[in-house]
Amino acid sequence: MMSVQLTDILHIKYPIIQAPMFLVSNVAMVKEAMNSGIAGCIPALNYRTLDELQNAIRALHEAKVEGGAFGFNLIVNKSNVKYKAQLEVLCHEGCDFIITSLGSPEETINQAHKVGIKVFCDVVDLNYAQKVERLGADAIIAVNNKAGGHRGGMSPESLIKMLVAHCNIPIISAGGVGCKADLDKMLNYGAAGVSVGSPFIASEEANVTEAYKKACVDYGANDIVMTERISGTPCTVINTPYVQKIGTKATWIENLLNKNKSLKKWVKLIRFAIGMNATKNAATKATYKTVWVAGPSIEHTHAILPVKEIVKKLIS
């Protein structure tokens, strides 16, 4: 199985998935990804209603071309109250693949396989990788310490080589790819393909503010910091003056409340709601509260370009 490449799994021209990005990914971006010979993926949570999700799937089916593929990302833990209904819509309407995050993918794998949908699972370590392999995952998304948003703790080289050595399904590397040389590195480490997110934020098709896109052009790898102030879990963001002002560590009262077992869950839910609202506002409208999620691969982003031009930079 390890000789199977992402191009073979998804019948795409190049071994790249345009990664699912909360608030950023959309139908227009994925259409252009498919037209460029790669796969595109959208978080199901980017759609407020099931009807909107259904319409997006149908639009992508109509736009699908040979050499391209599309999928959706599902948050599969209890925090996503829409999960089961979203899974039902995806299985009914159909797509090429589902990427699962933050929970057990067992139900998703079982339901998706019944209708011929492949399932790739986000992992950050060997233990979870072997668990999802036993559950029947079709491939592993290896989230390394160069990923944007909620990242892993291991370097791309260490994580890929470890998973390749101990797993029997393809490894797709997520994080640290901003140019062709980065792509080649991941493939040489043994990855079957890569998942690329941050370079596509500064695309013409992305429905985020010009300020967010321009930040991905103006800032670089050294401007990416980890913050606990969004979801309660460390997350990478651009180190804007506002991020510097509010700090990147949880407050003393949050730390105190997190030690209380009965309150910990509610503290995290409140912090998540506040953080996600701040992130949404920064991505979609003018505000001085600039909390822009991105990874260090924006180092190679030098202009706001069409998706097709970003793909060209990655493959040539």
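A short reminder: the numbers here are calculations on the coordinates, not readings from a lab. What you see is a predicted model, and the numbers here were worked out from it, not measured in a lab. No Cβ is skipped: glycine too gets one built from the backbone with ideal geometry, and neighbour counts run over all protein chains shown.
Here are the numbers:
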| quantity | calculated |
| --- | --- |
| Cα-centre dipole for the range 1-96 with unit charges at Cβ (Lys and Arg positive, Asp and Glu negative), debye to 20 | 280 |
| Cβ crowding within 10 Å averaged over residues, with 160-170, 63-73 ranked highest first | 63-73, 160-170 |
| Packing-based ranking, highest mean first, of 104-113, 200-209 given that Cβ atoms within 10 Å are counted | 200-209, 104-113 |
| Calculated on alpha-carbon atoms, Rg and Dmax of the range 94-145 in Å | 10.4, 34 |
